[in-house]
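Student: First the structure, which I've put down as structure tokens, then a few questions once you've had a look.
The values are calculated or read from the model by the stated rules, or taken from the named source; none is laboratory data. Quick caveat: nothing in here was measured; it's all calculated off a predicted structure. Cβ atoms come from the backbone with ideal geometry, glycine included; neighbour counts cover every protein chain shown.
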Amino acid sequence: MKYLRTLTEKSTLGFGKYSDARVGNVLKLSSGHWYLAWIYFNCSMINFCDEVMDKLMIRDDYVIKKPGTDPEMWDKYLEAAIKKTFGPAGLNKFIHKNRNKSKQKAKYTGFSVRDRKKYSKGNMQSRNHGH
């Protein structure tokens, strides 16, 4: 039987990307607000205390009845938060920023693949033997 968990800043999540981190520490991260808000709207048995809800800027219009989820409300919250953070043209900036982030990640992955080939055991052995 699952119980509704109301998390404070000192509570640990116990699941997901930041499973060992406390809610207060996740709030300090750059993408922590987005992650915790997503959890609120998409995990039916997770709720936050009023203090954390204020920090996440989830107020009257966005509060949902728990236990329960509302992914459509998450979309509305995200759109409003992006407009508030980045201005009227915020959605385009947000999409562009995330696109650049994925390009950088792909570039880094490409470098690591090349490095694995260049510095493999066989390649280094060949180099050391003068070939």
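Student: Pick from segment 42-55 the residues that are in a helix (DSSP H, G or I) and over 18 Å from the mean Cα position of the chain (by Cα): which of them is farthest from L7 (Cα to Cα)?
Tutor: In this case the residue turns out to be D54.
Student: To continue, here is another question. Take segment 20-33 and flag every residue that is surrounded by 15 or more Cβ atoms within 10 Å (Cβ to Cβ) and within 21 Å of M73 (Cβ to Cβ).
Tutor: Answer for segment 20-33, where residues must be surrounded by 15 or more Cβ atoms within 10 Å (Cβ to Cβ) and within 21 Å of M73 (Cβ to Cβ): V23, V26, L27, G32, H33.
Student: May I pose another question? Out of K10, K17, K66, K2, which single residue is surrounded by fewer than 16 Cβ atoms within 10 Å (Cβ to Cβ), touching a residue at least 40 places away in the same chain (Cβ under 8 Å) and in a loop (DSSP other than H, G, I, E, B)?
Tutor: K2
Student: Just give me the residues in segment 113-131 being surrounded by 10 or more Cβ atoms within 10 Å (Cβ to Cβ), in a helix (DSSP H, G or I) and polar (S, T, N, Q), in sequence order.
Tutor: N123, Q125, S126
Student: Further question: Being closer than 13 Å to L7 by Cα and either of a type in the set (V, I, T) or touching a residue at least 60 places away in the same chain (Cβ under 8 Å) (or both) narrows it down to one of I39, I58, so name that one.
Tutor: Being closer than 13 Å to L7 by Cα and either of a type in the set (V, I, T) or touching a residue at least 60 places away in the same chain (Cβ under 8 Å) (or both) holds for just one of I39, I58, which is I39.
Student: Just one of (1) surrounded by 16 or more Cβ atoms within 10 Å (Cβ to Cβ); (2) at pLDDT 85 or above trips up M57, so point out which.
Tutor: Just one mismatch for M57, condition (1).
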